[in-house]
Amino acid sequence: MHDGYGVYLGLDVGKEGHHAVGLAPDGKRLHDAPLPNTEARLRQLFDKLARHGQVLVVVDQPASIGALPVAVARACGHQVAYLPGLAMRRIADLHPGSAKTDARDAYVIADAARTLPHTLRRVDTGDEALAELEVLVGFDDDLAGEATRVSNRIRGPLTQIHPALERVLGPKAHHKAVLELLSRCGGPAGLRKAGRRKLLSIAAVHAPRMGERLVAQIMTALDEQTVTVPGTQAAETILPRLADSLRDTLRQRDQVAGEVEGMLDAHPLAPVLTSMPGIGVRTAARILLEVGDGTAFATPGHLAAYAGLAPVTRRSGSSIRGEHPPRGGNKNLKRAFFLAAFAAFAAFAAFAALADPVSRAYYDRKRAEGKRHNAALICLARRRCDVLFAMLRDKIPYQPRPTSPVPA
């Protein structure tokens, strides 16, 4: 954010309305009042404050309930910035008083924009594609949470009534063959009644290679328990419904993934992001939403610190010395880097298309240095963060370098 503004307008956004505080460069209050969340009133306030000079509009939430003020401010020709909530709370501690009100928060936002411009973050200029992508990715996150909840709900009754069967079906609860078996046969009683031949005919459709092995494991698990646990009959009725619910949720996720991929392909940075091994459609979309084109970060270290991947140095005299894993940062971005690093080095068949020998060699080298699995994985994510920064800066795809294996 550059200097030269005549008004620093802080907006503490809300669902029904916002609170707006406008400050002059010398700190004089130019406006301090509630603001309805309507386009007409927003335009009226922006036009009124524009008489004092160029207006910088700062919000504490640029999406969701803060989307309309951001859009109207841009339409009126004003610049928009974003003050993260954690930074706002820390800055609020520097102001007298401990009250938590909308008016005080709006003042803190405006005063931070006036006196601490380095705390502000840029809101990507009106990229409608990113806005549409954010809605789809948010919906996909909700579906992922729902899929996890229903999957756990399936494993719960199975653990209660037949633990041996849960050990077979629980880890594969998202597999289409398992969902089809539960949907058509129900719980242990229904599976035992269906018999091996019918189970094979059902499983073979969705799992041609593992169907026979899956059915064999199911029959072995069923033979391990002869008693009927109370609640089995009720579980037989709800398991098919839960399986149908999970199957529908996963089907919606597949549809959303196709829509995200189609929208991502239209973005010029999509080929750059997806060229890095370990980064798929969903991970690329999340990185693009959180980082944008990367110009908001001066160095790779800034990006790593924002993602929560840069170690934190703690020193105090001679008793406290060392570097520790960070606890802050952008959780969504950190998770995206972590999952991408895991997919790049993993040797599992599910990640075969995303595997990267260079990442694997780096991971093995860190393990050889004595680091544990998670520590080595974070080191790998940090290294890939530097590479991704260079890719975004130069707008070039990933270019792997030859590597040599680590000696035993």
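Quick check, is residue 239 in contact (Cβ under 8 Å) with a residue 40 or more places away in the chain and touching a Gly at 6+ places or on another chain (Cβ under 8 Å)?
Values: in contact (Cβ under 8 Å) with a residue 40 or more places away in the chain: yes; touching a Gly at 6+ places or on another chain (Cβ under 8 Å): yes.
Yes: the conditions hold for residue 239.
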Check your understanding: For residue 86, all conditions in the list (1) closer than 19 Å to residue 290 by Cα; (2) surrounded by 19 or more Cβ atoms within 10 Å (Cβ to Cβ) hold save one; what is the number of the exception?
Key -> (2)
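Working only within segment 30-45, note down all residues that are farther than 19 Å from residue 103 by Cβ and either surrounded by 14 or more Cβ atoms within 10 Å (Cβ to Cβ) or not small (Gly, Ala, Ser) (or both). Please lay out each step first, then the result.
Let us first name the residues in segment 30-45 that are farther than 19 Å from residue 103 by Cβ, namely 38-40, 43-44.
The answer is 38, 39, 43, 44.
Does residue 165 satisfy the criteria of being surrounded by 15 or more Cβ atoms within 10 Å (Cβ to Cβ) and either aromatic (Phe, Trp, Tyr) or touching an Asp or Glu at 6+ places or on another chain (Cβ under 9 Å) (or both)? Walk me through it before giving the result.
Numbers: surrounded by 15 or more Cβ atoms within 10 Å (Cβ to Cβ): yes; either aromatic (Phe, Trp, Tyr) or touching an Asp or Glu at 6+ places or on another chain (Cβ under 9 Å) (or both): yes.
So residue 165 passes the test.
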Check your understanding: Pairs under 7 Å by beta carbon, first residue not small (Gly, Ala, Ser) in segment 367-379, partner not in a helix (DSSP H, G or I), six or more apart or different chains?
Key -> 378/309; 378/325; 379/371
Study note, to complete from the structure: Subset of segment 6-29, residues buried (at least 18 other Cβ atoms within 10 Å of the Cβ), free of Cβ contacts under 8 Å to residues at least 60 places away in the same chain and out of contact with any Asp or Glu (no Cβ under 8 Å at 6 or more places or on another chain), comes to 7
Check your understanding: Which number in (1) closer than 23 Å to residue 289 by Cα; (2) crowded, with 18+ Cβ neighbours inside 10 Å; (3) not assigned by TED's automatic domain parsing to the domain that holds residue 226 marks the one condition that residue 110 misses?
Key -> (1)
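The values are calculated or read from the model by the stated rules, or taken from the named source; none is laboratory data. Everything numeric in this text was worked out from a predicted model, so none of it was measured. Note that we place each Cβ from the backbone using ideal geometry, even for glycine, and neighbour counts take in every protein chain shown.
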